[in-house]
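Here's the structure we're looking at; comments come further down.
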Amino acid sequence: MDCPLPPSTRAQLSAVEAIRTRRSVRAFTAEPVPRETVEFILSLASRAPSGSNIQPWKVYVIAGAPRHALSAELQAAHFDPTDAEGGEEYQYYPTQWFEPYLARRRKIGWDLYGTLGIAKGDKEAMARQHARNYDFFGAPVGLFFTLDRRMELGSWLDLGMFMENVMVAARGLGLDTCPQAAFNKYHRIVSRHLGIPDTEILASGMALGHADPDAPENRLETERAPVSEFTRFTGF
Ligand SMILES: Cc1cc2nc3c(=O)[nH]c(=O)nc-3n(C[C@H](O)[C@H](O)[C@H](O)COP(=O)(O)O)c2cc1C
């Protein structure tokens, strides 16, 4: 395996610590992330398994002036009342919500808005907060993950594992991330800016950078159901 650690990288956590401390960060500092660090993270992440080792993931990375130009266009689209550019290519969530997923989904929304002092029903404030997605929450680097459209469901599993590796590898180096399906709504704008061909489907975006330790939204703590709730052991 050829993944030499670039000299600019800082903290290195164990895999357990990196998984334990990974969380979705929604406020980043402007501190840049060098290209070599991003390359290292992607090279490490590509050790992810994939069915028959087909490695179906494709990644588009954006920073600097092009990232700001993309954010400006996305935010304009988000606030456009005609929503002319909006429309997902694939459905992330079920159309009809049901428990326990509905309650969990509501809780994360209320908890996030709670950290920011946004009252329930304050749609304008919620829309403004949602718009922060399109600025990568201030992160200096944005990543977009795509698949060849001809791939089947199995490749989405592979891509998910790859994306998790990206997030854990970043955390292991002292960096933070936020996976962002919010970009999918504006896949046409993203594809135009990144040169993503029609033959690929945008699965998700992701912000990458250094967490702002003073931002209230970064104090959000998410819960998890206990192992006993989602696991059945047999033969122990
Ligand atoms: C594929 C994927 C897409 C997501 N999209 C968004 C998004 O668009 N905006 C956002 O703020 N969080 C997004 N999230 C973050 C989830 O809300 C977060 O993972 C969940 O609440 C658990 O919190 P944690 O990541 O801090 O552990 C996404 C997560 C995943 C896995």
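The values are calculated or read from the model by the stated rules, or taken from the named source; none is laboratory data. Remember, predicted model here, so these are calculated numbers, not experimental data. Note that we place each Cβ from the backbone using ideal geometry, even for glycine, and neighbour counts take in every protein chain shown. Just so you know, the surface numbers come from the protein's heavy atoms only, side chains and all, with ligands and any DNA or RNA stripped out. Shrake-Rupley method; radii C 1.70, N 1.55, O 1.52, S 1.80 Å.
Just so you know, in the stretch 104-118 the residues that are surrounded by 10 or more Cβ atoms within 10 Å (Cβ to Cβ) and either within 27 Å of SER191 (Cβ to Cβ) or of a type in the set (Gly, Ala, Ser) (or both) include one that is farthest from the ligand (Cβ to nearest atom), and it is GLY114. Among the residues of the stretch 144-156, are any open to solvent by less than 20 Å² (accessible area, probe 1.4 Å), in a loop (DSSP other than H, G, I, E, B) and within 23 Å of PRO66 (Cα to Cα)? No, the stretch 144-156 contains no residue that is open to solvent by less than 20 Å² (accessible area, probe 1.4 Å), in a loop (DSSP other than H, G, I, E, B) and within 23 Å of PRO66 (Cα to Cα).
In the stretch 67-77, the condition of being under 19 Å from the mean Cα position of the chain (by Cα), more than 16 Å from the ligand (Cβ to nearest atom) and within 24 Å of ASP148 (Cα to Cα) is met by at least one residue. Which ones in the stretch 174-183 are surrounded by fewer than 21 Cβ atoms within 10 Å (Cβ to Cβ) and in contact (Cβ under 8 Å) with a residue 60 or more places away in the chain? Passing the criteria: GLY174, PRO179, ALA181. The residue that is least open to solvent (accessible area, probe 1.4 Å), among those in the stretch 198-236 that are among the charged types (D, E, K, R) and assigned to a loop (DSSP other than H, G, I, E, B), is ASP212.
Every test in (1) over 17 Å from the mean Cα position of the chain (by Cα); (2) within 9 Å of the ligand (Cβ to nearest atom) is passed by ASP214 save one, and that test is (2).
Number of residues in the stretch 118-147 that are within 13 Å of CYS178 (Cα to Cα) and of a type in the set (S, T, N, Q): the value is 1.
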